[in-house]
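One structure is given here, and the rest of the page talks about it.
Just so it is clear, none of the values below were taken in a lab; they were calculated from the coordinates. Because the structure is predicted, anything quoted here is derived from the model rather than measured. Cβ: placed from backbone, ideal geometry, glycine included. Neighbour counts: every protein chain shown.
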Amino acid sequence: MTAAVTIRGVHKRYGQVRALRGVDLDIARGEFFGLLGPNGAGKSTLINILAGLARLDSGQVAVLGFDVIRDYRQARRALGIVPQELVYDPFFSVREVLNLQAGYFGLGRESRGWVEELMQALGLADKANANLRGLSGGMKRRVLVAQALVHRPPVVVLDEPTAGVDVELRQQLWRFIRRLHGDGHTIVLTTHYLEEAESLCERIAILDQGQIIALDSKAGLLARGMDRQALTVHTVDPLDHLPPALEPLLKHRRGNELVFQLHRQTDSIAGVLDALRDAGVTIADLHTEKPDLEDVFLELTRKEQRA
Ligand SMILES: Nc1ncnc2c1ncn2[C@@H]1O[C@H](COP(=O)(O)OP(=O)(O)OP(=O)(O)O)[C@@H](O)[C@H]1O
Ligand SMILES: [Mg+2]
């Protein structure tokens, strides 16, 4: 079966800026895929190329086997893109915008029911007749999501859909996106909320300075941090001084709270506790934490910066 998205050797420059430097990526049909990376990594550039909004300098990109340049219309039809920037026509109402979008894809009255359903699912129903101009940022974002889905695209790409969106809408949006995924849609998501990516995405690529620096299942990425754990200790009294042996392990210290970063091979929890006890410290409470996606992400992208 053809992949949902195929990206081969893609380069893109903006003047002196090398936004993409040889990106290769396959996203399978039905995947929930996360595209992560720091600001300026090239995520939106890649998405714009996919959408036909930016032109690649070299390489090839296809959606469901349709080349985004040669077979532009079929590729575009297969895609629903929620852009990062809020672009909208202020003079139309929500319902008008969605029906116009349906018309753009050659859909007629038969899409009306789906437009109503989309507005309902995204909490837009009571704003259906409101002009876009008067909507709040979060409401406009909902319209962009609905607009991307009007033609029922099999591949849905969301570029930071939850930026500036309140908690309730985020949850509503994720319920809806999960439903689409459950119905067999391929989902590609970029977000800076790594806990969202951790709870939703099955596979993740980390893009940094125009290159993919990690591509793995979520479990695989998390496992990269598994040789480390954080140990938090609360002491009964504030410490005057830390036993010198523990200094290299200390991550931070705030009043009675000490947080240590331990490497599983070399440092043991018992070792830390013994050293504290030998120094006459009484421990009130302690807990350990496994690294999350954010820890792994920071480590990988920092490593890249040092290189
Ligand atoms: N239209 C453009 N003209 C000039 N430079 C651009 C343009 N679009 C992007 N760039 C540059 O290309 C690089 C990649 O930008 P891009 O928007 O793809 O990053 P991003 O990963 O989406 O970042 P963010 O997380 O901030 O959205 C940046 O250095 C950016 O300044
Ligand atoms: Mg972006």
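Side notes on the structure shown:
- Pairwise label distance in nanometres, Val17 with Glu247, each label 7 Å out on the Cα-Cβ vector: 4.4
- For the pair the stretch 129-191 and the stretch 231-265, the centres of their Cα atoms are 43 angstrom apart.
- Positive-pole candidate from Thr266, Pro244, Ala279, dipole of the stretch 228-289, charges at beta carbon: Thr266
- Extent along the principal axes, Cα only, for the chain: 78, 45, 37 Å, with the longest axis given first.
- Value of relative contact order over the stretch 228-289, rounded to a whole percent, pairs C-alpha under 8 Å and six or more apart: 52
- Shape category assigned to the stretch 163-207 from the gyration tensor of Cα positions, a/c cut at 1.5: oblate
- Taking trypsin sites (Lys or Arg not before Pro) across the stretch 1-107, the ones in a DSSP loop with at most 11 further Cβ atoms lying within 10 angstrom of their Cβ are Arg55, Arg70.
- Volume in Å³ per residue [convex hull over Cα atoms, computed for the stretch 1-87]: 107
- The alpha-carbon of Lys290 sits under 25 angstrom from the alpha-carbons of these lysines, leaving out residues fewer than 8 places away in its chain: Lys218, Lys251, Lys303.
- Each of Asp295, Asp126 was scored by other Cβ atoms within 10 Å of its Cβ. Listed from fewest to most, they are Asp126, Asp295.
- Of all lysines in the structure, the ones whose alpha carbon falls short of 23 Å from that of Lys12, not counting any fewer than 8 places away in one chain, are Lys43.
- Considering only the chain, percent of DSSP beta bridges that pair antiparallel, nearest 5: 70
- Within the shell defined by Cβ-Cβ distances under 9 Å, the residues around Arg264 carry a net charge of -1, with Lys and Arg each +1 and Asp and Glu each -1.
- For the stretch 228-289, the Rg and Dmax computed from alpha carbons only, in angstrom: 10.5, 30
- Once the mean of 1/r is taken over each pair of separate Cα atoms and inverted, the stretch 108-242 shows a Kirkwood hydrodynamic radius of 17.9 Å.
- Counted charge near Pro154, where neighbours are those whose Cβ lies closer than 14 Å (Asp, Glu -1; Lys, Arg +1): +2
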